[in-house]
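Down below is the structure, laid out as structure tokens.
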Amino acid sequence: MTVGHLEITTYDAATGELRAVYDRMRERPLPPAYRPSHGGVPGIITAHSLDPQLIPRVFGCSTTLNGAGPLSWPERELVNALTSRLNQCLY
Amino acid sequence: MASGGDEKLSRAILEAPRAVTAATPRLQLLAELATITTTAPWAFSRTNLSRAHTAGLSDEDVLHAIALSAYFGHLNRIADAVGVPLDYDVHLAPPATEPTVPALPPAPATRVGRPALELGLRPDTQRAIAEWRDYAFKRDEPLTRRQRTFIARCVASWLGDGSISPPDDMTGNPLDGAVRELARTVTLAPWQLGPQCFAALRETGFSDAALFDVCATASIAGMISRLEVALVSLAS
């Protein structure tokens, strides 16, 4: 399904390898602030749906940076938010 | 921006991200590290590291901030390339993207040398990036390995990463030229990404998967080069 500039496959539409990857992603601990209200897989993960094998690599890296110190969670939020704004990204 | 946190600082980030004033020297230096990593990683010098130490940041804190900013830059680039809609609640909505904002400047010079901080201080992150890099550059579909290497070399040259050879295959091949232009937008102006950026490659038969591969390859190359350049520059 294309809802943006490139194809995005949502959780409900995913099958096979992508569905299995999504299921593993859903099992990861995630702060409530980052849980989408639609209850599915966060959009930033589905944004990678054209390459299912890339997803665990990208978000495995995230775990080592966003899920660990030494910076505190608010400090990590500052870095992430400022980076995103400087890149003019809505996400 | 997710809900919660320091509202005054959040508003400052949204309204004037290059001139953020934080409540403490520690937060101010973290903002500085994120800003330079994102906009001009070659502009770091040992003065930045010294100021960070004075503000109470350890080497590990500095490395964490730079690596995190480089990583989040990847998420921004993929979100913009794909055009994924924001799907979580935000306390303060960001302004609309302004595509006329000029691209970031390429590095004025190449940075080479020993890094001031070793990524090995974060072994889990180092391992995760290595696994990601191997996946990104050691396969032949949809892009060829030559195209992947070409992208990485172009990106390194724009970011001033002297640890990677500059592109030597500048033969004027139109396909290479179109790949290079998309990779340049991903690297230096991700907010300009949109359907128009994909048109030239679509005309040559690139599928969505291949277009995504160009963007994802340029993005991981940029993350790695941005990190390398920042850590080397901190020693200068």
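Structural remarks
- Boolean, residue B:213 is among the acidic types (Asp, Glu), free of Cβ contacts under 8 Å to residues at least 40 places away in the same chain, buried (at least 17 other Cβ atoms within 10 Å of the Cβ) and closer than 30 Å to residue B:96 by Cβ: no
- So residue B:156, is it among the aliphatic types (A, V, I, L, M), modelled with pLDDT of 95 or more and within 16 Å of the chain's Cα centre (by Cα): yes
- Of all residues in region B:4-39, those being surrounded by fewer than 21 Cβ atoms within 10 Å (Cβ to Cβ), facing another protein chain (nearest Cβ under 7 Å) and over 25 Å from residue B:96 (Cβ atoms) number 1.
Per-residue answers, yes or no, for (1) within 26 Å of residue B:224 (Cβ to Cβ); (2) modelled with pLDDT under 90; (3) out of contact with any Leu (no Cβ under 8 Å at 6 or more places or on another chain):
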{"position": "A:29", "(1), (2), (3)": "no, yes, yes"}
{"position": "A:39", "(1), (2), (3)": "no, yes, yes"}
{"position": "A:42", "(1), (2), (3)": "yes, no, no"}
{"position": "A:48", "(1), (2), (3)": "yes, no, no"}
{"position": "A:69", "(1), (2), (3)": "yes, no, yes"}
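- Selection over region A:28-53 of residues that are surrounded by 14 or more Cβ atoms within 10 Å (Cβ to Cβ), outside any loop (DSSP other than H, G, I, E, B) and either within 12 Å of the chain's Cα centre (by Cα) or more than 7 Å from chain B (Cβ to nearest Cβ) (or both) gives a count of 4.
- The residue of region B:40-52 that is nearest to residue B:114 (Cα to Cα), among those that are more than 13 Å from the chain's Cα centre (by Cα) and within 14 Å of chain A (Cβ to nearest Cβ), is B:43.
- Considering the conditions (1) touching a residue at least 24 places away in the same chain (Cβ under 8 Å); (2) touching a Ser or Thr at 6+ places or on another chain (Cβ under 8 Å), residue B:12 is excluded by exactly one of them, (1).
- Qualifying residue in region B:57-70 (condition: surrounded by fewer than 21 Cβ atoms within 10 Å (Cβ to Cβ), without any contact (Cβ under 8 Å) to a residue 40 or more places away in the chain and at the interface with chain A (Cβ under 8 Å from one of its Cβ atoms)): yes
- Checked against (1) without any contact (Cβ under 8 Å) to a residue 60 or more places away in the chain; (2) of a type outside the set (A, V, I, L, M); (3) surrounded by 15 or more Cβ atoms within 10 Å (Cβ to Cβ); (4) closer than 26 Å to residue A:58 by Cα, residue B:88 passes all but a single condition, namely (1).
- Selection count where residues are touching a residue at least 60 places away in the same chain (Cβ under 8 Å) and either facing chain A (nearest Cβ under 7 Å) or over 18 Å from the mean Cα position of the chain (by Cα) (or both), scope region B:75-85: 6
- Test result for residue B:78, closer than 20 Å to residue B:160 by Cα and crowded, with 24+ Cβ neighbours inside 10 Å: no
- Residue among B:22, B:34 that alone is under 21 Å from the mean Cα position of the chain (by Cα) and without any contact (Cβ under 8 Å) to a residue 40 or more places away in the chain: B:34
- Filter pass, residue B:133 being within 14 Å of chain A (Cβ to nearest Cβ), surrounded by fewer than 17 Cβ atoms within 10 Å (Cβ to Cβ) and not aliphatic (A, V, I, L, M): yes
- The residues of region B:136-182 that are in a helix (DSSP H, G or I) and within 14 Å of chain A (Cβ to nearest Cβ), listed by number, are B:136, B:137, B:148, B:182.
- In the condition set (1) under 12 Å from the mean Cα position of the chain (by Cα); (2) more than 7 Å from chain B (Cβ to nearest Cβ), residue A:58 is compliant with all but (2).
The values are calculated or read from the model by the stated rules, or taken from the named source; none is laboratory data. Keep in mind it's a predicted model, so treat the numbers as computed, not measured. Quick reminder, even Gly has a Cβ in these numbers, built from the backbone with ideal geometry, and neighbours come from all protein chains shown.
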